[in-house]
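Note sheet for the following structure.
The values are calculated or read from the model by the stated rules, or taken from the named source; none is laboratory data. Computed from a predicted structure; not experimentally measured. Here the Cβ is made from the backbone with ideal geometry for all residues, glycine too, and neighbour counts use every protein chain on show. Side chains are part of the model used for accessible areas, which takes the heavy atoms of the whole protein and leaves out ligands, DNA and RNA. Shrake-Rupley method; radii C 1.70, N 1.55, O 1.52, S 1.80 Å.
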Amino acid sequence: MSDSRRQVDISLVVNGESHKLRAYPMERLLDVLRRQLGLTGVKEGCGEGECGSCSVLMDGVLVNSCLVAILQADGTSIITIEGLAMGSQLHALQQSFLDCGGAQCGICTPGIIMAAHYLLNKKPRPTLDDIREGLAGNLCRCTGYAQICEAVSEAAVREDTKRDSASPGNER
Ligand code: FES
Ligand code: FES
């Protein structure tokens with residue numbers, strides 16, 4: 001068992017890049033991502049697993065990074081909001097949030113986009129109910145959710161269109 005007062009070696013792959021770092025075993029993944037790796041797109045809202053602002057993917061599963069001790073994350077692969085865009089090309093979800101007014105103060109937005117990304121990976125053509133259910137763990141104090149759901153739905157349609165035009169037989 002590790003001594004919680006001593007730092008331990010941790011290996012993480014974050015947004016495709018390998019990192020070796022030292023941290024106290026019970027340090028929160030949220031803090032390591034923000035403070036050690038400078039990934040401040042990961043936001044802290046409640047710090048208690050209630051709001052979803054700190055959502056990231058850990059080995060492909062959506063987690064609240066405020067509830068994950070860094071020792072639990074050792075050896076995993078993490079995707080944060082910073083890992084979605086391709087260079088200067090925004091991810092479809094980021095673009096649709098901009099286009100549909102899905103973000104206001106923006107504190108909830110990275111977590112909501114990560115939850116939506118997780119949903120669309122599982123269900124590329126979600127219904128409105130699927131979207132509501134997929135985002136049920138994420139709270140927003142500003143938007144009233146309508147534009148958020150619209151943005152997720154719009155991103156799903158855009159991705160679908162992209163897939164269709166890229167599929168064999170649809171080349172011009
Ligand atoms: S900050 Fe992690 S769930 Fe609210
Ligand atoms: S945009 Fe402000 S909390 Fe969601």
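List of remarks:
- Selection count, segment 96-108, where residues are open to solvent by less than 70 Å² (accessible area, probe 1.4 Å) and among the polar types (S, T, N, Q): 1
- Top-ranked residue of segment 116-126 - restricted to ones that are open to solvent by 30 Å² or more (accessible area, probe 1.4 Å) and not in a helix (DSSP H, G or I), ranked as farthest from Val42 (Cα to Cα): Arg125
- Counting only residues that are free of Cβ contacts under 8 Å to residues at least 60 places away in the same chain, away from ligand 2 (no atom under 16 Å from the Cβ) and within 10 Å of the chain's Cα centre (by Cα), segment 32-59 holds 2 of them.
- Unique residue being touching a residue at least 40 places away in the same chain (Cβ under 8 Å), away from ligand 1 (no atom under 16 Å from the Cβ) and touching a helix residue (DSSP H, G or I) at 6+ places or on another chain (Cβ under 9 Å) when the list is Ala115, Ala85, Ala92, Ala69: Ala92
- Looking across Ile113, Ile78, one residue alone is out of contact with any Gly (no Cβ under 7 Å at 6 or more places or on another chain), part of a helix (DSSP H, G or I) and at pLDDT 95 or above. It is Ile113.
- Residue within segment 17-26 that is surrounded by fewer than 22 Cβ atoms within 10 Å (Cβ to Cβ) and within 16 Å of ligand 1 (Cβ to nearest atom) present: yes
- Checked against (1) assigned to a loop (DSSP other than H, G, I, E, B); (2) open to solvent by less than 20 Å² (accessible area, probe 1.4 Å); (3) within 15 Å of ligand 1 (Cβ to nearest atom), Gly49 passes all but condition (2).
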